[in-house]
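Worksheet for the structure shown next.
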Amino acid sequence: MMPSAHEPQAALTLNDMLSVCEAAIAGHGLVQLPTDIATPPLRAGRLAPVLSGLASTPAQVMLHYPARPLTPARVRVVVDFLYEQLHDHPDLTFDPRGIRSGALEAGAVRAA
């Protein structure tokens, strides 16, 4: 059976993902958040995953810069720094689909 469409009446409209996260923590409804924003409150038990089986495809972080035989040192420093900070960062690689019935590795998650 195909699910029916539902257009919710918005009581709160935000254009900043951190504010959206805080609104969800405060109990203002369901939200879809980027992994890097959702992971810390999920781990802390301030948010609980809902419909995690319908999670969107993970985004990739990419850095584009001109290819040159001799990359300027300042560009290389930035590239190396960003790679070191972001590669395998636990808040960027966390997959909420692995959470079973609202329980995180550190303990139970309370409902938001």
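Any read-out appearing in this document is the output of simple, stated calculations on the displayed coordinates, not a laboratory observation. Source: prediction; values computed, not measured. Using ideal geometry, Cβ is built from the backbone for each residue, glycine included, and neighbour counts are taken over all protein chains shown.
In this label model, THR57 and TYR83 are separated by 2.5 nm, measuring between points 7 Å along each Cα→Cβ vector.
Could you give the length gained on full extension between HIS64 and GLU22, defined as 0.36 nm per residue of separation minus the Cα-Cα distance, in nm?
In short, 11.9 nm is gained.
In a reduced charge model with +1 at each Lys and Arg Cβ and -1 at each Asp and Glu Cβ, the stretch 17-108 shows a dipole moment near 140 debye about its Cα centre.
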